[in-house]
Amino acid sequence: MFEVHQPYRLARRITRRLAEKVALKGKVDHADLEEIYFDQTLNREVFERVARRCYLPANAIILQQIDFFKNQGKNFKVSYSVSGVLLEQAERWMPSLLESFRQLASTGMVEFLDQTYFHSLSFLIAEEEFIDQIRMHRELLKSYLGVSPISVENTEFIYNNYIAKIFDKLGYKVVLTEGVEKILMWRSPNYVYKAKGLNLRVLMRNYRLSDDIGFRFASRWWSEYPLTADKYSAWLAATPGDVILIAIDYETFGEHFPAETGIFEFLRWLPGEILKWEHLTTSTPSEVVERVPPRDEIDVPESDTISWADLERDLTAWTGNFMQDYALDRLRDLWLQVKATRDENLLRLWRLLSISDHFYYMSTKGGGPGDVHSYFSPYKSPFQAYMIYSDVLADLEYRTLQRLEQDEDSRYRWVWMKRVDAGKEFMFYLDVGKPLNLVAWNVFSFIDALERAPLESVVFHQTRGDFSRWLSFSVGEKNLGEKLEKVKIDKEDDLKGRILEILYERRKSLFGF
């Protein structure tokens, strides 16, 4: 399985770029901001270089090998996970690359996986946003490549039970993730597993065999150097288990290891060397889980979230220091405000800032992992990466707040969605000293709790004026609070219905449902 992704890198000195745009046009529209925030000259340069050195020649070799073995009555199969932003760049700057992926898809020997469109950390922001980005990716693959994936991975193989539940709910059959010892314990990654409590199948990467190609291929200090296709296939043949997941960055071929290292010859010869062994075959993830039964269940609580990044194989590549955590908190807070504006340009900018690479560049790890982070980063230091990201985020925060102040409906949509301050949640009671297990932290959760609350509780709170007081002062919906204050309790039987009718009417005016 090949991971294919290129981010949009941020521009330096955006204040000057903003001033130049104002001098040129007299103003800055939201549609102009993407050009200002991102260094598209650098992004195009990197993309075209990697496409020439890696994507196009590697695709040509894979396609050649698929056709060669098909003519011999054999099957050589691979899978790809291509981010939406990479496909965007291909369409924009090198349509021939997009066409080569279409050719691979048309062979019937290649499976394309779903992931988040923006190769993002959206699962840490909101479930709604995470699902939206996955669906965006699914629609893009259908539009560009004519495929509808049933296999999926989260950004950088990030996985836990919560993520598995979302993928299962979305109808995927198999998820790919990292074979981490702290999760597997005594077990091997070379089997099919089930997600905890679900039918979703889990394939776990054999990172040792994957990293033999992805990290050690051209390392002269390595005792196994040089790595040849026949040697590697022998290792695969001698590996016990039902299935071996080899998953690597596609840039391994031609970019991380240039052509003169022999990496393309290795790729060209490997399929034939694998298929020489009677007990080895190549399969797509969806085929594997159809043929091979699961051996056990994988339990990955959120506290033990895994990924394929760095030696720790957890989230610390993106959330390991105060800069990363603070930037992520600001991004999370901004999401509700941007959603409230219903401005598609602002939402796209926010989503471009959710790309995981921005946080990866802020890592302050040392040693080998630190060297890897520095290799990928376009900035001089993680502190510069943070400052540039912070400048762009601050400008987007300012423009979003401007929009909220200018548009009353947008401001109230934000009021409805945001969480009230800690300690100001609405707690439902039956009577004094008789709490219910119903809590509201915004207006949406308040409606949900009110729908489930018994009439006795509704009468108790309405009599005391609790509903109107909470909406007016804790939430900031003073007009709505005043309307609820006027609801009389003379007819208790339909009291809840009358209150809900007012809330539904206000919701429809703001959100359309």
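The table that follows gives values for the structure above.
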item: Of ALA229, ILE248, THR282, farthest towards positive along the dipole that unit charges on Lys, Arg, Asp, Glu beta carbons give the stretch 202-306; result: ALA229
item: Solvent-accessible surface (1.4 angstrom probe) belonging to LYS491, in square angstrom, nearest 10; result: 130
item: The stretch 66-165, accessible surface, carbon-and-sulfur percent (1.4 angstrom probe); result: 47
item: Cα-only radius of gyration and Dmax that characterise the stretch 206-347, units Å; result: 20.7, 60
item: Between the stretch 294-354 and the stretch 105-181, the alpha-carbon center distance in angstrom; result: 15
item: Chymotrypsin sites (Phe, Trp or Tyr not before Pro) restricted to the stretch 162-250 and DSSP loop, no more than 13 other C-beta within 10 Å; result: TRP186, TRP221, TRP222
item: Descending Cα extents along the principal axes, the stretch 138-192, whole Å; result: 43, 21, 18
item: Residues whose placed amide H lies under 5 Å from that of ASP114, excluding near-sequence neighbours; result: SER151, VAL152, GLU153
item: Rounded Å value of the spacing that divides the Cα centres of the stretch 367-441 and the stretch 37-92; result: 36
item: The chain - accessible surface per residue (Å², probe 1.4 Å); result: 45
item: Contact order normalised by residue count of the stretch 204-352, Cα under 8 Å, 6+ apart, percent; result: 16
item: P(r) weight above 17 Å for the stretch 1-132, C-alpha pairs, percent; result: 67
item: Calculated from backbone phi, Karplus (6.51, -1.76, 1.60) coupling profile of the stretch 105-115 in Hz, x at Gly/Pro; result: 5, 6, 6, x, 10, 10, 10, 9, 8, 8, 7
item: Fraction of the pair-distance distribution of the stretch 366-449 above 15 Å, Cα-Cα pairs, percent; result: 74
item: Expected-Rg normalisation [2.2 N^0.38 Å, Cα atoms] applied to the stretch 134-237; result: 1.31
item: Diffusion coefficient, µm² s⁻¹, Stokes-Einstein with Kirkwood Rh over alpha-carbon pairs of the stretch 25-72 at 10 °C and 1.306 mPa s; result: 114
item: Solution diffusion estimate, µm²/s, Stokes-Einstein, the chain, Kirkwood Rh from C-alpha pairs, 10 °C, viscosity 1.306 mPa s; result: 62
item: Carbon/sulfur fraction of accessible area - the stretch 276-404, other protein chains in place, 1.4 Å, %; result: 51
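The values are calculated or read from the model by the stated rules, or taken from the named source; none is laboratory data. Only a predicted model underlies this, so the values are computations on that prediction, with no experimental measurement involved. As a convention, Cβ positions derive from the backbone with ideal geometry for all residues, glycine included, and neighbour counts pool all protein chains shown. Accessible surface is based on the protein model in full, side chains and every heavy atom, while ligands, DNA and RNA are left aside. Shrake-Rupley method; radii C 1.70, N 1.55, O 1.52, S 1.80 Å.
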